[in-house]
Amino acid sequence: MIELEHTRDLLKELGLSTASELLDARLEAAAHSELTYLSFLGGLLEVENAERKRRSEETRMKLSRLPHRKTLDDFDFNFQPGIDSRQMKELATLAFAARRENVVFLGPPGVGKTHLAVGLAVEALRAGLTVYFVSLAQLIADLKKAMLTGKLDRRWRVYTRPAILIIDEVGYAQLDREAAELMFQLICSRYEKGSIILTSNKFFSDWGELMSDTVIATALLDRLLHHAHVINIRGDTYRLRDRLKTGVKTVPPADIHAADKPTIS
């Protein structure tokens, strides 16, 4: 018993809390089987490792600020047949994040842009990556407040450190010059250094008005789209899915034409 207590204490001191808690049960199970010493040790460490990964994922999930935990498996691709499910499966491999590429979801409200963005985020968190979710309105308000209080550098790291930054709801409000410049600086800071997943209800040709400056919009889109996967969702809104059965129609989104792409000078 003394040796057992000593071993349990050693496991705790080494930070192997799960292994310490399960030591008695594992020893009892091993006594009724023909496990080798190496198999017993390996099994105990595997349980410890699995629990550490679970706790790490849960911590990163909380820090990500995701609005919900909807997965890609929860998405109804049959309702949005315009989305290439093969492309989404490819994005789910997270190769884009490894290459520090961006993903842009375009379409009217309610077609599933945020769901898909969160679904990719959940996959990334499960794979051990860091993610941070923020709406554009929250992002600008936070950065402007940080500027006024002299904490911009600290808040800036919140948006530049994660492997994937999700900027949701771009296009619902026009930005003033200061906000547009902050957005541009953020895109530049992450350019080829970390991935961005962005959702917007605005076509690229409208971003000059959105940013209140065509030059800033063009430069921003130049960097955002240089290494990007653009998914234009042209379908019905999920929020009106049941009402569609009664004949209610939504305004169909226009396609993205070549003219919508930014002009690079």
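General observations
- Options R26, R8, R52: the member that is basic (K, R), open to solvent by less than 40 Å² (accessible area, probe 1.4 Å) and over 18 Å from the mean Cα position of the chain (by Cα): R8
- The number of residues in the stretch 107-137 that are open to solvent by less than 20 Å² (accessible area, probe 1.4 Å) and either over 18 Å from I164 (Cβ atoms) or part of a loop (DSSP other than H, G, I, E, B) (or both) comes to 4.
- Residue, most open to solvent (accessible area, probe 1.4 Å), within the stretch 185-214, restricted to residues that are part of a helix (DSSP H, G or I) and over 23 Å from W156 (Cβ atoms): E209
- Test result for D168, out of contact with any Lys or Arg (no Cβ under 9 Å at 6 or more places or on another chain) and not assigned by the TED database to the domain that holds S56: no
- Pairs, first in the same structural domain as L225 (by the TED database) and over 18 Å from V122 (Cβ atoms) in the stretch 93-106, second of a type in the set (D, E, K, R) and surrounded by fewer than 16 Cβ atoms within 10 Å (Cβ to Cβ), C-beta under 7 Å, six or more apart: R100/E192; R100/K193
- In the stretch 20-65, residue farthest from I164 (Cα to Cα) [restricted to those that are among the hydroxyl-bearing types (S, T, Y) and in contact with a helix residue (DSSP H, G or I) (Cβ under 8 Å, 6 or more places away or on another chain)]: S20
- Close pairs (8 angstrom Cβ cut-off, 6 or more residues apart or separate chains): touching a residue at least 40 places away in the same chain (Cβ under 8 Å) in the stretch 192-203, among the polar types (S, T, N, Q) and surrounded by 18 or more Cβ atoms within 10 Å (Cβ to Cβ) anywhere: S195/N102; I196/N102; I197/N102; L198/N102; T199/T114
- Residue check, K89 farther than 26 Å from T59 by Cβ and not aliphatic (A, V, I, L, M): yes
- L41 part of a helix (DSSP H, G or I), outside the structural domain of G112 (by the TED database), open to solvent by 80 Å² or more (accessible area, probe 1.4 Å) and of a type outside the set (D, E, K, R): yes
- Within this structure, E123 fails the test of being modelled with pLDDT of 95 or more, more than 24 Å from K62 (Cβ to Cβ) and of a type outside the set (S, T, N, Q).
- Restricting attention to the stretch 76-100 and to residues that are farther than 19 Å from A163 by Cβ and of a type in the set (G, A, S), the residue that is most open to solvent (accessible area, probe 1.4 Å) turns out to be G82.
- Out of V111, V104, one residue alone is of a type outside the set (S, T, N, Q) and touching a Leu at 6+ places or on another chain (Cβ under 9 Å). It is V104.
The values are calculated or read from the model by the stated rules, or taken from the named source; none is laboratory data. Note that the structure is a prediction, hence the values are computed from the model and not measured. Virtual Cβ from ideal backbone geometry, glycine too; neighbours counted across all protein chains shown. With ligands, DNA and RNA removed, areas are computed over all heavy atoms of the protein, side chains included. Shrake-Rupley method; radii C 1.70, N 1.55, O 1.52, S 1.80 Å.
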